[in-house]
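These notes are about the structure you will find just below.
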Amino acid sequence: MPPEAGNGRPPGATALQQAAEWFAVLHDNTAGEDERRRWQAWLAASAENRLAWARVETVTRSFASLGTHTQADTAHDILSCPPSRARRRVLKLLAGGGVATLGGWLGHTLLTAHGWRTQLAVWRADERTAIGEVRELTLADGSQLWLNTRSAADLDYGPRLRRILLHAGELLLDTAPDPAQPPRPLVVDTQHGRLTALGTRFSVSLEDEATLVAVFDGMVEIAPRDAPAQIIPAGRQIRFSRHSAAPATPARSARESWTRGLLVADDRRLDDFVAELSRYVSVRIEVAPDIAALRLVGVYPIRDPARDVGRALTAVQQALPVRARQLDSHDWRIEAR
């Protein structure tokens, strides 16, 4: 057992998930020195990360038949193992019941091809944000780009196209005229289709099965991969999948408040608000089913998530007949008062 485990407390869900994601990154046969350096930095960042990686090593030792190795040696063996053979061995091990909690994440990461490719793209992205981080960028053409918490995007400005590829999370884009002549189209691509900016300010959010775009100024053309394109004007938002688009609805101005370090609840269901708040913190917040549909109105700070989550939950208690209980260092529960 690693020395960090002496306190008897297992690593949290976030650290375990990150360890599983790093397993996928290091296991890819195109992983380079940059990925290895970033993994080492993550490993050195906290004792919890090292303990989570030790859980991964428990699995990798089993399928790679390793002896006493260092963490770096284990990663080298992972990289040396052919992907198809490694997946079969991990699957066999997981089927036998090894390390149940970690096994769920490893099984999802390694055995779901699309999810595995997506996670690799996230970790290799040009720009990505950590839990609770919001980043503002000035692009080469003068456009302003904000990336919300847990987001990842690639930037590809070429001679014919200004392209942003959103792999995960949410972005807000305030476009500028292209200084190049002739002007190059500015597009945002997601797994569901392409959005072309037409002199605009708009947000793009990736959901499980769809992309949500909200237009605050100008216009945006959306082109789902397998459905007709259409123009979305300012003040409207639309959710589309690869195959279809839902009817447009009024755009919620609250959708861009996160760029100012705020979450706005404009008559939102409590469980919906808490789901959004949870994206900014590494703790789990559970809402009791009997109060999930309560409606919430208010403005809640998220600029310093580690501090502000407690303040936000205190404000929720003042606004609604509920109470927020901290069960342990990783779990909160909101229930009727």
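The values are calculated or read from the model by the stated rules, or taken from the named source; none is laboratory data. Every value quoted in this text rests on a predicted model; they were computed, and no experiment measured them. Cβ placement follows ideal geometry from the backbone for every residue including glycine, while neighbour counts extend to all protein chains displayed.
Yes/no per residue for (1) at pLDDT 95 or above; (2) within 28 Å of Ala140 (Cα to Cα); (3) out of contact with any Leu (no Cβ under 6 Å at 6 or more places or on another chain):
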position	(1), (2), (3)
Leu195	yes, yes, yes
Ala210	yes, no, yes
Ser257	no, yes, yes
Arg260	no, yes, yes
Subject >> Options Trp53, Trp22: the member that is of a type in the set (Phe, Trp, Tyr) and modelled with pLDDT under 75 >> reply: Trp22
**OP:** May I ask you to list the residues in the range 130-169 that are part of a loop (DSSP other than H, G, I, E, B), of a type in the set (Ser, Thr, Tyr) and either in the same structural domain as Pro301 (by TED's automatic domain parsing) or modelled with pLDDT of 95 or more (or both)?
**Re:** Ser143
**OP:** Give the range 298-308 a look and list any residue that's in contact with a helix residue (DSSP H, G or I) (Cβ under 7 Å, 6 or more places away or on another chain) and on the phi < 0 side of the Ramachandran plot, or say none.
**Re:** Tyr300, Pro301, Ile302
Original post:
Got a number for residues in the range 170-221 being part of a strand (DSSP E or B) and of a type outside the set (A, V, I, L, M, F, W, C)?
Top reply: 16
Original post:
Taking the range 226-241, which residues are surrounded by 14 or more Cβ atoms within 10 Å (Cβ to Cβ), free of Cβ contacts under 8 Å to residues at least 40 places away in the same chain and not in a strand (DSSP E or B)?
Top reply: Ala227, Ala234
Original post:
Any idea which of Glu276, Glu221, Glu209 is of a type outside the set (Gly, Ala, Ser), within 16 Å of Ile302 (Cβ to Cβ) and out of contact with any His (no Cβ under 8 Å at 6 or more places or on another chain)?
Top reply: Glu276
Original post:
When residues of the range 242-279 are filtered for being of a type in the set (Gly, Ala, Ser) and part of a loop (DSSP other than H, G, I, E, B), how many remain?
Top reply: 5
Original post:
Given the structure, is Ala275 aliphatic (A, V, I, L, M), without any contact (Cβ under 8 Å) to a residue 40 or more places away in the chain, within 28 Å of Asp174 (Cβ to Cβ) and buried (at least 17 other Cβ atoms within 10 Å of the Cβ)?
Top reply: no
Original post:
Does Pro305 count as surrounded by 13 or more Cβ atoms within 10 Å (Cβ to Cβ) and under 24 Å from Pro11 (Cβ atoms)?
Top reply: yes
**OP:** Run Val316 past the list (1) buried (at least 20 other Cβ atoms within 10 Å of the Cβ); (2) not in a helix (DSSP H, G or I) and report the number of the one that doesn't hold.
**Re:** (2)
